[in-house]
Amino acid sequence: MKGVLITGGTGLLGRKIAETLHNKGFSVHFLGRKASKQGKFPVFEWQYEQEKIDAKAFENIQYIIHLAGANVGEGRWTEKRKIEILESRVNSAHFLFDYIQKNKIKIDSFVSGSATGFYGDTGDYLNTETDKKGIGFLADVCDEWEKAANKFEALNARVVKIRTGVVLSQEGGALPKIILSLKGNIGTVLGSGNQYYSWIHIDDIANVFVEAILNPKMEGIYNGVSSQPVIFSAIIDSAAKAMQKKHLNIKVPAIALKLAMGEQSAIVLDSCNASAQKVIDTGFQFQFQNIDEAMRDLVGE
């Protein structure tokens, strides 16, 4: 049985990827702050800041998926928090590389998370994987994250970097907040509502990561987004339609969000229309092609 080691595996996406891999016959280990052998997926302790890791985490492991990183949506972006967001992704990858190289551990591939935040605020321009880095903190973080992943090429490992878009799931992220608002028949539109959100259903993004493990031809950067990005207000309207809720959209002005959130408002206000064509060209097939299909599955009555 082939094994996959996932950093940040106890998060929303990591759990879904683990379940998908398990259903395909893989064994899965997590790296986490606290060890736990309870449950389906054993968690092995690592403290990358102190350069500590449980060597048993690598037993029978051929693949690594690197998702570790402080949540960009939690806590205000103080300078201290921004350093934590960056270092939790980049320094952890550097430590993994050094440990694997030092101990001569053989891995077949290293699949790293990244995000469409790499492109910055680009309006309705269609972003492809060949586009240059955008402007802003999130773009800088994604760039450093991907550069850290590139180091694993020196280990003769196949390196894949997935620029994940806005993940739609009932269990976390943006969607539960949208649903909560709509239960009161209100659609909370952030900013103009015309900013593009390159969304993806949780099942599809998990399958993109699994495809990166299974498909030896996948290498380099891929946008982990649906084939049909939409503007933010369309996500709210689609959720309301699936829930069969009449609603009134109320806009929260961009200036108010910038005053309240500061630089962090980029998370909700930046517009990114990212192409899924490169993933499609691998032969990958989405379960949820458009936003209405996704919403019917996630919140449909």
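Some observations on this one:
- A residue that is part of a helix (DSSP H, G or I), touching a residue at least 60 places away in the same chain (Cβ under 8 Å), more than 18 Å from Val160 (Cβ to Cβ) and under 15 Å from the mean Cα position of the chain (by Cα) can be found somewhere in region 119-127.
- The sole residue among Ser238, Ser265, Ser226 that is in contact (Cβ under 8 Å) with a residue 60 or more places away in the chain, hydroxyl-bearing (Ser, Thr, Tyr) and surrounded by 15 or more Cβ atoms within 10 Å (Cβ to Cβ) is Ser226.
- Whichever residue in region 28-38 is touching a strand residue (DSSP E or B) at 6+ places or on another chain (Cβ under 8 Å) and either of a type in the set (S, T, N, Q) or outside any strand (DSSP E or B) (or both) and, among such residues, is surrounded by the most Cβ atoms within 10 Å (Cβ to Cβ): Ala35
- Taken as a whole, the condition of being under 15 Å from Cys272 (Cβ atoms), in a loop (DSSP other than H, G, I, E, B), at pLDDT 95 or above and out of contact with any strand residue (DSSP E or B) (no Cβ under 6 Å at 6 or more places or on another chain) does not apply to Ser226.
- No other residue among Glu87, Glu74, Glu49 is part of a loop (DSSP other than H, G, I, E, B), under 27 Å from Ile267 (Cβ atoms) and of a type in the set (D, E, K, R) apart from Glu74.
- Residues in region 62-78 that are surrounded by fewer than 21 Cβ atoms within 10 Å (Cβ to Cβ) and farther than 29 Å from Ala260 by Cβ: Gln62 alone.
- For the residues Val111, Val90, Val141, the requirement of being over 25 Å from Tyr197 (Cα atoms), under 16 Å from the mean Cα position of the chain (by Cα), hydrophobic (A, V, I, L, M, F, W, C) and surrounded by 14 or more Cβ atoms within 10 Å (Cβ to Cβ) singles out Val90.
- Residue check for Ile17: among the β-branched types (Val, Ile, Thr) and in contact with a strand residue (DSSP E or B) (Cβ under 8 Å, 6 or more places away or on another chain): yes
- Taken over region 39-80, the criterion of being touching a Leu at 6+ places or on another chain (Cβ under 8 Å) and farther than 21 Å from Phe26 by Cα is satisfied by Trp46, Tyr48, Ile53, Val72.
- Residues in region 155-186 that are part of a strand (DSSP E or B) and either exposed (fewer than 15 other Cβ atoms within 10 Å of the Cβ) or in contact with a Gly (Cβ under 9 Å, 6 or more places away or on another chain) (or both): Val159, Val160, Lys161, Ile162, Arg163, Thr164, Val166, Val167, Gly172.
- The residue that is surrounded by the most Cβ atoms within 10 Å (Cβ to Cβ), counting only those in region 39-61 that are out of contact with any helix residue (DSSP H, G or I) (no Cβ under 8 Å at 6 or more places or on another chain) and closer than 23 Å to Thr164 by Cβ, is Val43.
The values are calculated or read from the model by the stated rules, or taken from the named source; none is laboratory data. Keep in mind that what you see is a predicted model, and the values were worked out from it rather than measured. Glycine also receives a Cβ, built like all others from the backbone with ideal geometry; neighbour counts cover every protein chain displayed.
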